[in-house]
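A.B. asks: The structure follows.
The values are calculated or read from the model by the stated rules, or taken from the named source; none is laboratory data. All values derive from a computational prediction rather than experimental measurement. No Cβ is skipped: glycine too gets one built from the backbone with ideal geometry, and neighbour counts run over all protein chains shown. What goes into the accessible areas is simple: the full protein's heavy atoms, side chains included, and nothing from ligands, DNA or RNA. Shrake-Rupley method; radii C 1.70, N 1.55, O 1.52, S 1.80 Å.
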Amino acid sequence: MKALISGAGGQVGRILLKSVPAGWTAAGLTHAELDIGDAAAVMAAVRARRPDLIISAGAYTAVDKAESEPEAAERANAMGARHLAVAARETGARLLHISTDFVFDGSASRPYPPDAATDPQSVYGRTKRRGEEAVLQVLPDASVIVRTAWVYAAAGNNFVRTMLRLLGSKGHVRVISDQVGTPTSATSLVEALWAFASRPDLKGIYHWTDLGVASWYDFAVAIAEEAAALGLLPSSVRVDPIVTEEYPTPARRPAYSVLDKRSAIEALGIPVRHWRVNLREVLREIAATG
Ligand SMILES: NC(=O)c1ccc[n+]([C@@H]2O[C@H](COP(=O)([O-])OP(=O)(O)OC[C@H]3O[C@@H](n4cnc5c(N)ncnc54)[C@H](OP(=O)(O)O)[C@@H]3O)[C@@H](O)[C@H]2O)c1
């Protein structure tokens, strides 16, 4: 089976390409190699490679910047998803599309199931939701949308790397304690994505994150503790809790965005680990590779 991965230079795209399972070959196209906002380029790339599956891993992910660049976010997240779905339909490929917890408003107090009503509160969330709608409309029977959240990896631009940098240079950080979700290792997400890839019988929306729940503050405390245990940070670093109002950002973020992933766990039957276990593993990787 042949997969074509768009957005292959991002943190999820890179790990997808590094962990191609037996029975698959994969080609990756970075943003520079394929702009998914360009319909003709998408069609040409897919026609040339004739994949069995397209994995749509690229997106405009700068959540705050998107508030002042809505057209750029729309182009990648909504139109890009549509272009990939149209190209998949034209060539008979399936599409595995990654989406986000930011499609929800965050007012819930229990995990969001895949069929919960969406109400995105930011440009990023709205454009990602329009991308989902396009995929479901164009390719309802040959697509899976996997919503995930709070993704980090040993490399890339993410919360874990930011905390290590700030705690390493300043010795302390103030972190929001009233936004709750689930930190998710890109490696564990990619395991689930490849498992979805091998299941052509599945379609529609699924949720996938690591297990458990945390605030950004809890996540930062865990990073500080685990990193200190591995010698990546001194144990003297300090993490202080603040509330959202103390850290205003251009984009509104959901206060609660825990995803109910039971349907994915049941469908795939693969192991899913607690976020803190996966965090330790990723920090070990950082300790080993720098
Ligand atoms: N990171 C998270 O916490 C998180 C949470 C929930 C869902 N997601 C979703 O997970 C997926 C993967 O995200 P990630 O964490 O790997 O983000 P990432 O590291 O920011 O990677 C996104 C990649 O998409 C590329 N890209 C941007 N616009 C593009 C375009 N028009 N055409 C082709 N590629 C384009 C980016 O390239 P440039 O850098 O060159 O622009 C980048 O390489 C995305 O769909 C994202 O919405 C992420």
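A.B. asks: Given a 1.4 Å probe and every protein chain left where it sits, what share in percent of the accessible area of the range 234-290 is carbon and sulfur?
C.D. replies: After summing per-atom areas, the C and S share lands at 53 percent.
A.B. asks: Here's something else I'd like to know. Given a Förster distance of 51 Å, report the FRET efficiency between Met43 and Arg110 from their Cβ-Cβ distance, rounded to the nearest 0.05.
C.D. replies: Between Met43 and Arg110 the formula returns 0.75.
A.B. asks: Still on this structure, please answer the following. Ordering Phe102, Phe196 from largest to smallest accessible area (1.4 angstrom probe), what's the sequence?
C.D. replies: Phe102, Phe196
A.B. asks: Would you please give the residues with an amide H less than 5 Å from that of Ile55, counting only those at least 5 places away or on a separate chain, with H modeled from the backbone geometry?
C.D. replies: Residues meeting the criterion, in which the H sits 1.01 Å from N, are Leu4, Ile5, Ser6, Leu96.
A.B. asks: State the percentage of accessible surface on the range 1-43 attributable to carbon and sulfur atoms; use a 1.4 Å probe and exclude ligands, DNA and RNA.
C.D. replies: 61
A.B. asks: Apply the Karplus curve 6.51 cos²θ - 1.76 cosθ + 1.60, θ = phi - 60°, to the phi angles in the range 188-195 and return the couplings in whole Hz, x for Gly and Pro.
C.D. replies: Taking θ as phi minus 60°, the curve returns 6, 4, 5, 4, 5, 4, 5, 5 Hz for the range 188-195.
A.B. asks: Between Ser68 and Ala155, take the C-beta separation as r, use R0 = 25 Å, and let me know the FRET efficiency to the nearest 0.05.
C.D. replies: Efficiency for this residue pair is about 0.35.
A.B. asks: A follow-up question, please. Give, as a single signed number, the net charge of other residues whose beta carbon lies under 12 Å from the beta carbon of Asp201, with Lys and Arg counted +1 and Asp and Glu -1.
C.D. replies: Computed value for this residue: +2.
A.B. asks: Pop out the ³J(HN,Hα) list for the range 132-145 in order, Karplus 6.51 cos²θ - 1.76 cosθ + 1.60 with θ = phi - 60°, rounded to Hz; leave Gly and Pro as x.
C.D. replies: The phi angles translate into 4, 4, 5, 4, 5, 6, 6, 9, x, 9, 9, 9, 10, 10 Hz.
A.B. asks: What are the residues whose amide H is under 5 Å from the amide H of Thr100, where those residues sit 5 or more places off or on another chain and H is modelled from the backbone?
C.D. replies: Answer set, sorted by chain and number: Thr148.
A.B. asks: Quick check: convex hull of the Cα atoms in the chain, volume per residue, rounded to a whole Å³?
C.D. replies: Looking at the chain, the number lands at 122 Å³ per residue.
A.B. asks: Averaged per residue, what accessible surface does the chain expose to a 1.4 Å probe, in Å²?
C.D. replies: Heavy-atom accessible area per residue stands at 43 Å².
A.B. asks: In terms of the ratio Rg/(2.2 N^0.38 Å) built on C-alpha atoms, what value belongs to the range 69-152?
C.D. replies: 1.10
A.B. asks: Still on this structure, please answer the following. Rank these by accessible area, largest first, 1.4 Å probe: Lys65, Lys2, Lys261, Lys18.
C.D. replies: The residues order as Lys18, Lys65, Lys2, Lys261, largest area first.
A.B. asks: Next question, about the same structure. Can you work out ³J(HN,Hα) from phi for every residue in the range 148-161, in order, using Karplus 6.51 cos²θ - 1.76 cosθ + 1.60 and θ = phi - 60°, giving whole Hz and x for Gly and Pro?
C.D. replies: Working through the residues one at a time gives 9, 7, 6, 7, 9, 8, 4, 10, x, 9, 8, 4, 5, 5 Hz.
A.B. asks: May I pose another question? Count the DSSP beta bridges whose two residues both fall in the chain, then state the antiparallel fraction as a percent rounded to the nearest 5.
C.D. replies: Here the share of antiparallel DSSP bridges comes out near 5 percent.
A.B. asks: Please report the spacing between the Cα centers of the range 242-280 and the range 106-131 in Å, no decimals.
C.D. replies: Measuring centre to centre over Cα atoms gives 13 Å.
A.B. asks: Another question, then. Counting alpha carbon pairs within less than 8 Å and at least 6 residues apart, what relative contact order, in whole percent, applies to the chain?
C.D. replies: Reported relative contact order: 20 percent.
A.B. asks: Express in whole angstrom the spacing between the alpha-carbon centres of the range 222-237 and the range 16-91.
C.D. replies: Here the answer is 37 Å between Cα centres.
A.B. asks: Follow-up. Any idea how far apart Gln137 and Ala27 come out in nm if each label point goes 7 Å out from Cα toward Cβ?
C.D. replies: 2.9
A.B. asks: Using only the Cα atoms of the range 95-217, what are the Rg and Dmax in Å?
C.D. replies: 15.9, 51
A.B. asks: Then there is this: If each of Asp201 and Arg89 carries a label point 7 Å out from its Cα toward its Cβ, how far apart are those two points in nm?
C.D. replies: Going by the 7 Å Cα→Cβ label model, 2.6 nm.
A.B. asks: So who's got an amide H within less than 5 Å of the one on His274, skipping anything under 5 residues away but keeping other chains? H placed 1.01 Å off N, in plane.
C.D. replies: Long-range HN contacts for His274: Leu211.
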